[in-house]
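The values are calculated or read from the model by the stated rules, or taken from the named source; none is laboratory data. Computed from a predicted model, the values in this text were never measured in an experiment. No Cβ is skipped: glycine too gets one built from the backbone with ideal geometry, and neighbour counts run over all protein chains shown.
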Amino acid sequence: MSDMIKTVLTIAGSDPSGGAGIQADIKTMAALGVYAMSAVTSLTAQNTMGVRGISDVSPAFLQMQIDAVFEDIFPDAVKVGMVSSAEPAAVIADRLKYFGAKNVVVDPVMVSTSGSSLAKDGCVKTMEEKLFPLAKLITPNIPEAERLWGKHIARREDMQKCAEYLSQKYGCAVLVKGGHFEGGADDILVCQKCKKEIWLSGERIDNPNTHGTGCTLSSAIASYLARGEDLEEAVKKAKNYLTGAIKAGLDLGKGRGPLDHAYALRKHIQ
């Protein structure tokens, strides 16, 4: 049984253009050698230029999806992405707690790459109170970290203080991503429980096509955790994978295009 493929569940929104959401999650997980499963929180009408509409799945049906997965193929890790309102956020937290989910990675998606708001204030509060404390790791970018911290992040020192504060507040590890800063892509990983603070350097790549980077990174981290890596190594390997997917230079769409999730696999396709 120990040689069986590892499994990861993504709980997130659907992106019909394939660059973000569950589509990006499943592509990432498959590329990293785990079996991907999904529970859809919302249907979106979006592309590389922006979000046109959002239709939320009912909380009751969302619960049915999550229960169906856990009762049959218990995931080795769970990635939680876009949740647009408080009620589904509460349902997710309730079911993850009920089933004793492990290796939970929460990407607190609040704003899309194109700038569209994706989470209401009540949803953020529910995630803070019920979902984040169940997580092994949360992965906010700079704007999301500022919203959670309530302060402006202008420099590396601010990122560190913010990560320390959030890790202490929620009782989980925090990865504050610095990709929104000009000239660098360094992230900081803080885990107050395990007394760990690590700066992870990142290469700034000249590629405007970054649709779905947050989804991709969090899914990659969950995949590596499912495969047995410790948190630090999972984050490092996930960042390397993301860098490769951006570097591959895929150029699709009229706006901020998607990444090449299958860049490594493509080399072996004849």
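With a requirement of 3 or more residues that are touching a helix residue (DSSP H, G or I) at 6+ places or on another chain (Cβ under 6 Å), the strands (runs of 3 or more DSSP E) lying completely within segment 1-76 that satisfy it span 7-14, 35-47. When segment 77-108 is filtered for residues that are part of a loop (DSSP other than H, G, I, E, B) and more than 14 Å from ALA135 (Cα to Cα), the ones remaining, listed by number, are MET82, VAL83, SER84, SER85. Quick check on this structure: which one of ILE11, ILE5, ILE73 is over 30 Å from PRO208 (Cβ atoms), touching a Leu at 6+ places or on another chain (Cβ under 9 Å) and modelled with pLDDT of 95 or more? From the options ILE11, ILE5, ILE73, the qualifying one is ILE73. Here is a check on your reading of the model: is ASP230 out of contact with any strand residue (DSSP E or B) (no Cβ under 8 Å at 6 or more places or on another chain), charged (D, E, K, R) and touching a residue at least 24 places away in the same chain (Cβ under 8 Å)? It is false that ASP230 is out of contact with any strand residue (DSSP E or B) (no Cβ under 8 Å at 6 or more places or on another chain), charged (D, E, K, R) and touching a residue at least 24 places away in the same chain (Cβ under 8 Å). crowded, with 20+ Cβ neighbours inside 10 Å, aliphatic (A, V, I, L, M) and farther than 26 Å from HIS211 by Cβ - does that describe any residue in segment 45-68? Yes; the residues of segment 45-68 include at least one that is crowded, with 20+ Cβ neighbours inside 10 Å, aliphatic (A, V, I, L, M) and farther than 26 Å from HIS211 by Cβ.
Matching residues to (1) of a type outside the set (S, T, N, Q); (2) touching a residue at least 24 places away in the same chain (Cβ under 8 Å); (3) touching a Cys at 6+ places or on another chain (Cβ under 6 Å):
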position: GLY19; (1), (2), (3): yes, yes, no
position: THR28; (1), (2), (3): no, yes, no
position: ALA31; (1), (2), (3): yes, yes, no
position: VAL40; (1), (2), (3): yes, yes, no
position: GLY50; (1), (2), (3): yes, yes, no
position: SER55; (1), (2), (3): no, no, no
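Looking only at residues in segment 201-213 that are surrounded by fewer than 24 Cβ atoms within 10 Å (Cβ to Cβ) and under 17 Å from the mean Cα position of the chain (by Cα), the one that is modelled with the lowest pLDDT is THR210.
Once segment 130-144 is narrowed to residues that are out of contact with any Phe, Trp or Tyr (no Cβ under 6 Å at 6 or more places or on another chain) and modelled with pLDDT of 95 or more, the residue that is farthest from VAL106 (Cα to Cα) is LYS130. Can you pull out every residue in segment 238-270 that is closer than 16 Å to THR28 by Cα, in a loop (DSSP other than H, G, I, E, B), hydrophobic (A, V, I, L, M, F, W, C) and touching a residue at least 24 places away in the same chain (Cβ under 8 Å)? Within segment 238-270, LEU250, LEU259, ALA262 qualify. Taken over segment 90-116, the criterion of being at pLDDT 95 or above and of a type in the set (A, V, I, L, M, F, W, C) is satisfied by ALA90, VAL91, ILE92, ALA93, LEU96, PHE99, ALA101, VAL104, VAL105, VAL106.
For segment 126-157, a residue qualifies if it is of a type in the set (Lys, Arg), part of a loop (DSSP other than H, G, I, E, B) and touching a helix residue (DSSP H, G or I) at 6+ places or on another chain (Cβ under 9 Å), and the qualifying residues are LYS136, LYS151.
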